[in-house]
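Working notes, beginning with the structure itself.
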Amino acid sequence: MNLTESLLHALKDHGARQIFGIPGDFALPFFRIIEQTKILPLYTLSHEPAVGFAADASARITMGLGVAAVTYGAGALNMVNAVAAAYAEKSPVVVLSGGPGKGESRSGLLLHHQAKTLDSQYQMFKEITCDQVRLDDAERAPADIARVLANCLRHSQPVYIELPRDMVGQPCAAVVPADEPAPDGEALDACVAEILSRLRQARSPVLMAGVEVRRFGLEERVARLARRLGLPVVTSFMGRGLLVEHDTSLVGTYMGVAGLPEVTRLVEESDGLFLLGEILSDTNFAVSETRIDLRKTIQALDGQVTLGYHTYPQIPLAALVDRMLATAPGESKPVPARRQSFPSGLAADDASISPTDIATAVNDLMAMHGKMPIAADMGDCLFTAMEIEFTPLVAPGYYATMGYGVPAGLGLQAATGQRPLIMVGDGAFQMTGWELGNCKRYGWDPIVLLFNNSSWEMLRTFQPESSFNDLGHWGYAEMAAGLGGHGVRVSTRAGLKAALDEAIAARGQFRLIEITLPRGVLSATLQRFVAGVKRLSGAK
């Protein structure tokens with residue numbers, strides 16, 4: 001076995017299902033081995049940011065490793081933003097980069113793709129990965145690979161592996177997975193006892209589930225725990241899509257001033273708010289109607305538990321949930337919680353289309369044909385997704401990068417085989433929408449809802465006087481055929497329904513529905529968000 005084969009088997013053993021990549025000269029040797037061995041399927045895309053976004057989405061939907069393979073310098077550095085998004089949002093992506101051979105630095109010449117030094121790329125990725133290794137020693141490589149992949153899964157954050165091009169064929173032993181350190185049992189028991197005591201004393205406890213619940217594969221166990229404790233459950237903005245396939249008292253998504261008033265009151269008036277696997281970000285909590293005092297919450301996240309003014313370190317989320325299940329009483333009575341309702345019953349008439357109409361049409365579609373996983377980009381398309389019935393969703397809700405939606409949708413279909421629904425604005429589509437041209441090669445057939453108002457409309461809501469928010473009308477529907485798909489442009493609700501009905505019935509090629517939206521027309525959720533943020537900031 002050579003070093004590359006050892007690495008590929010280790011990736012598969014740690015949960016990777018495929019590799020997304022773009023080759024380059026420093027990466028050609030290991031790309032050849034990937035292709036020849038077929039240990040993991042390889043999907044090549046067109047631009048490195050899309051490679052990172054696709055790997056990120058595949059990791060999120062499968063709760064395993066996403067793998068992004070690129071060349072040194074021009075390839076890896078072109079993927080920095082996508083990896084930064086994965087780091088911020090706790091997605092376990094393995095960055096696999098080719099690198100200069102061990103002897104290439106001795107020529108005295110600058111090497112092509114080199115930035116400041118040959119080590120610059122490695123140092124840059126230290127900022128946005130939780131562990132790194134350069135595989136320049138075949139004897140040490142198995143232990144290094146085991147450590148890095150274990151940390152990727154343990155922290156649910158990206159890692160960086162650099163493979164010098166003269167090392168790919170070196171003989172190498174198999175990777176033995178690293179042992180998972182066990183938490184301190186006494187500390188875990190004390191922590192669980194204190195959490196349960198606080199929840200029992202609370203008049204209105206609430207469990208808020210965050211992204212770590214999915215990252216660590218805990219949805220079924222968390223749903224069971226909520227039933228045991230008799231807790232109403234909400235998700236955060238970033239946790240939207242969690243627990244949708246499990247029996248629990250899921251009330252809705254907490255979005256503060258942008259959310260439904262009954263959900264906002266439930267969370268903000270709770271005296272026992274249990275934050276399970278949350279990211280304490282502004283998108284989750286800075287839009288609170290009445291500022292939540294996080295010091296009075298129970299926070300189980302980032303491998304530790306904080307209650308008030310003290311912290312139990314080194315308490316993994318999975319260990320905490322398992323111990324709470326073992327300690328908590330039997331099934332409690334169902335929580336009398338009102339489940340969030342969603343718009344349905346689109347009036348298929350000649351009226352112009354609003355984003356809420358799109359949500360209504362999608363709800364009707366899924367009620368008729370079954371749920372689909374959604375990949376949403378940043379902008380009103382993501383806020384519109386909040387008005388769609390609970391279904392698996394991947395989106396850059398915290399890091400808020402544009403360009404995520406289309407490649408993420410491709411990552412979803414590659415990883416699961418399920419046909420995804422992609423929701424993307426025209427500004428984001430201009431960045432990465434062209435990746436749809438790769439669908440024909442791999443048999444992917446997503447349905448793409450392109451929100452076209454010829455504008456960076458979400459930016460305009462905060463700074464309406466700026467003309468740089470204007471975008472031209474590019475004729476996306478006409479471009480679809482050249483990319484190997486089918487495109488249609490709609491401007492009425494009747495046209496939208498007809499296009500969706502046609503798209504869901506047709507398989508084998510992507511379907512692009514370009515939806516013409518009047519400028520200034522926002523989803524109901526984004527309208528509440530903008531109004532609330534302006535009110536909280538004192539802006540007019």
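The values are calculated or read from the model by the stated rules, or taken from the named source; none is laboratory data. Since the structure is predicted, the reported quantities are computational estimates derived from the model, not experimental observations. All Cβ positions, glycine included, derive from the backbone under ideal geometry; neighbour counts span all protein chains shown.
Quick notes
- A residue that is free of Cβ contacts under 8 Å to residues at least 24 places away in the same chain, assigned to a helix (DSSP H, G or I) and not aliphatic (A, V, I, L, M) cannot be found anywhere in region 168-179.
- Qualifying residue in region 404-426 (condition: over 18 Å from the mean Cα position of the chain (by Cα), farther than 28 Å from Arg215 by Cβ and either of a type in the set (Gly, Ala, Ser) or surrounded by fewer than 20 Cβ atoms within 10 Å (Cβ to Cβ) (or both)): no
- Flag for Ala138 being surrounded by fewer than 17 Cβ atoms within 10 Å (Cβ to Cβ), in contact (Cβ under 8 Å) with a residue 40 or more places away in the chain and in the same structural domain as Asn81 (by TED's automatic domain parsing): yes
- Asp350 meets the conditions (1) closer than 23 Å to Pro261 by Cβ; (2) among the acidic types (Asp, Glu); (3) touching a Ser or Thr at 6+ places or on another chain (Cβ under 6 Å) in every case but one. The failed one is (1).
- From the options Gly411, Gly397, Gly403, residue that is under 26 Å from Met255 (Cβ atoms) and in a helix (DSSP H, G or I): Gly411
- Pairs with Cβ under 6 Å, 6+ apart, first in region 187-211 and more than 24 Å from Gly252 (Cα to Cα), second among the polar types (S, T, N, Q): Val192/Thr327
- Test result for Cys191, at pLDDT 95 or above and more than 18 Å from Leu276 (Cβ to Cβ): no
- Filter pass, Gly345 being surrounded by 23 or more Cβ atoms within 10 Å (Cβ to Cβ) and without any contact (Cβ under 8 Å) to a residue 40 or more places away in the chain: no
- The condition of being at pLDDT 80 or above and over 20 Å from Pro205 (Cβ atoms) holds for only one of Gly230, Gly303, Gly277, Gly241, that being Gly303.
- Residue ID - nearest to the chain's Cα centre (by Cα), chosen from residues in region 514-534 that are polar (S, T, N, Q) and within 15 Å of Pro261 (Cα to Cα): Thr525
- Qualifying residue in region 110-128 (condition: in contact with a Leu (Cβ under 6 Å, 6 or more places away or on another chain), in a loop (DSSP other than H, G, I, E, B) and either at negative phi or not assigned by TED's automatic domain parsing to the domain that holds Leu280 (or both)): no
Yes/no per residue for (1) among the hydrophobic types (A, V, I, L, M, F, W, C); (2) without any contact (Cβ under 8 Å) to a residue 24 or more places away in the chain:
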site: Ala76; (1), (2): yes, no
site: Ala88; (1), (2): yes, no
site: Thr117; (1), (2): no, yes
site: Pro142; (1), (2): no, no
